[in-house]
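This report concerns only the one structure given below.
The values are calculated or read from the model by the stated rules, or taken from the named source; none is laboratory data. None of the values given here were measured: they were computed from a predicted structure. So basically every Cβ, Gly included, is an ideal-geometry build from the backbone, and we count neighbours across all protein chains shown. We work out accessible area using only protein heavy atoms, side chains counted, and drop any ligands, DNA or RNA first. Shrake-Rupley method; radii C 1.70, N 1.55, O 1.52, S 1.80 Å.
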Amino acid sequence: MAGLTLDTGALLAAERNDRAFWAFFKEASEREVVPVIPAPVLAQAWRGPRQARLAQVVKACFVESLD
């Protein structure tokens, strides 16, 4: 894994506690890869403050601003 950019589908998979996503995310973490989330992607997936799983993913990622 040279680089990793998460899309809206990945964020929604995290939110619904998809096992395949979490296994992939764990492997990326073990390889010390910092995933990137483009800001528009986060805006599509974020629905409110009660998304604990999504917040956990966002904390471990770099959110790339839209410039």
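Structural remarks
- Residues in region 47-67 that are touching a residue at least 12 places away in the same chain (Cβ under 8 Å) and either surrounded by 14 or more Cβ atoms within 10 Å (Cβ to Cβ) or within 11 Å of the chain's Cα centre (by Cα) (or both): Gln51, Arg53, Leu54, Gln56, Val57, Val58, Ala60, Cys61, Phe62, Val63, Glu64.
- Contact annotation: residue pairs with Cβ atoms under 6 Å, 6 or more positions apart or on different chains, pairing a residue in region 1-28 that is within 17 Å of Trp46 (Cα to Cα) with a partner that is open to solvent by 40 Å² or more (accessible area, probe 1.4 Å) and assigned to a helix (DSSP H, G or I), are Thr8/Gln44; Ala14/Arg53; Glu15/Arg53.
- For region 1-37, filtering for residues that are more than 27 Å from Asp67 (Cβ to Cβ), assigned to a helix (DSSP H, G or I) and among the charged types (D, E, K, R) leaves 4.
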